[in-house]
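The values are calculated or read from the model by the stated rules, or taken from the named source; none is laboratory data. Just so it is clear, the structure is predicted and the values come from calculations on it, not from any experiment. Note: ideal-geometry Cβ built from the backbone for every residue, glycine included; neighbour counts use all protein chains shown. Ligands, DNA and RNA are excluded from the accessible area calculation, which covers all protein heavy atoms including side chains. Shrake-Rupley method; radii C 1.70, N 1.55, O 1.52, S 1.80 Å.
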Amino acid sequence: MTILRKLMLLTLGLTVSACASVEVPTRNAPFEALPDGQVSTPQGYEIREQTAPLWKPTGGRPAVTDVTPVVAVVSFGGAEFAARQVPVQVTSVQVRVPRALKVSEANRYLPHGDIVWREDPLGDRYAQVQTIVQSAMDRGVAGLDGPVPVVVDIEITKFHALTEKARYTTGGRHGISFEMAVRHAETGALLLPLRSVRADLNAFGGQQALVAMASGQTQKVRITEHLAAVIRRELTKPEGYQNASAEFVQMLYNF
């Protein structure tokens, strides 16, 4: 009986000892390299090479310069002024609309003629166009206060706004061209040779035209603002105004 009791106590002790053993946590286990192909990077988390930032602050604001009115002086003041760009002050702009130009009152999409203008009442189209262009040029040269006084001569060669039919349907292109010369206001010397300027402008039609007119953007307003910007660029940028391409529409108006 004593021997049996001892055996039972020994068995119980071994059982308790086994339950009390400590299991090593997996986070403390030594690193084991996985075979290639077992690990993949989730989409959108790929490692990218370090690159320089697209923008670096300079710590200061860029300098702002005023627009300077200039013309390329060719014959004024002697050889020392050749190829120089001299600021000008426009004392006057003279706009001419030759009576030799042909006026068209035909209500077609592309009427043949040199002058097409319908937004004013039927009357002297030459005088109406002259008033529009004169107002635009006077606005465009306002504020140019360089040391060289000049007179700008403008002669209209083409003034095509939209007819009623085009205005209320397809729209099109305002085709405007003129010749420009710049002379010294005191000596009459030619400072800029005669230059042909093409200053076309996209024209609204249909619903777009109605919306524009409702907000005050009539053909006269848009053309005046456009020509003012054109003449100012002609007198302040060496390259002058560059007419924007209208591809097929411009080819239609180029007749």
**Report entry** Peptides ranked, highest mean first, by Cβ atoms within 10 Å: ranges 103-112, 197-206, 143-152
**Finding:** 197-206, 143-152, 103-112
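Give, rounded to the nearest 20 debye, the magnitude of the charge dipole that the range 119-255 has about its Cα centre when Lys and Arg contribute +1 at Cβ and Asp and Glu contribute -1 at Cβ. Spell out each step's value before the answer.
Numbers: 14 positive and 15 negative charges, 64 e Å.
For this selection, approximately 300 debye.
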Requested in this report: Could you compute the FRET efficiency for R195 and D120, with r as their C-beta to C-beta distance and R0 at 35 Å, rounded to 0.05?
Outcome: 0.75
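Could you work out what % of the accessible surface of the range 133-229 is carbon and sulfur, using a 1.4 angstrom probe and leaving DNA, RNA and ligands out of the count?
Numbers: 2070 of 3870 Å².
Roughly 53 percent of what the probe reaches on the range 133-229 is carbon or sulfur.
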Report task. Evaluate E = 1/(1 + (r/R0)^6) for T170 and A229, where r is the Cβ-Cβ distance and R0 equals 22 Å; express this FRET efficiency to the nearest 0.05. Result -> 0.30
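Take the Cβ-Cβ distance between K102 and L210 as r, set R0 to 35 Å, and report the resulting FRET efficiency rounded to the nearest 0.05.
That pair, K102 with L210, gives E of 0.70.
Output the antiparallel fraction of DSSP beta bridges having both residues in the range 86-190, as a percent to the nearest 5.
On the way: 12 of 23 bridges.
Roughly 50 percent of the DSSP beta bridges within the range 86-190 come out antiparallel.
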Query raised in the report: PRE reach from D145 (point 7 Å along Cα→Cβ): which of the range 210-236 fall under 18 Å by backbone N?
Result: 236
Report task. Treat each spin label as a single point 7 Å out from the Cα along the C-beta direction, and report the H112 to S92 distance in nm. Result -> 3.9 nm
Report summary line: Phi-derived 3J(HN,Hα) across the range 211-227 with the Karplus relation (6.51, -1.76, 1.60, θ = phi - 60°), rounded Hz, x for Gly and Pro, is 5, 5, 5, 5, 9, x, 8, 6, 4, 4, 5, 5, 5, 4, 5, 5, 5
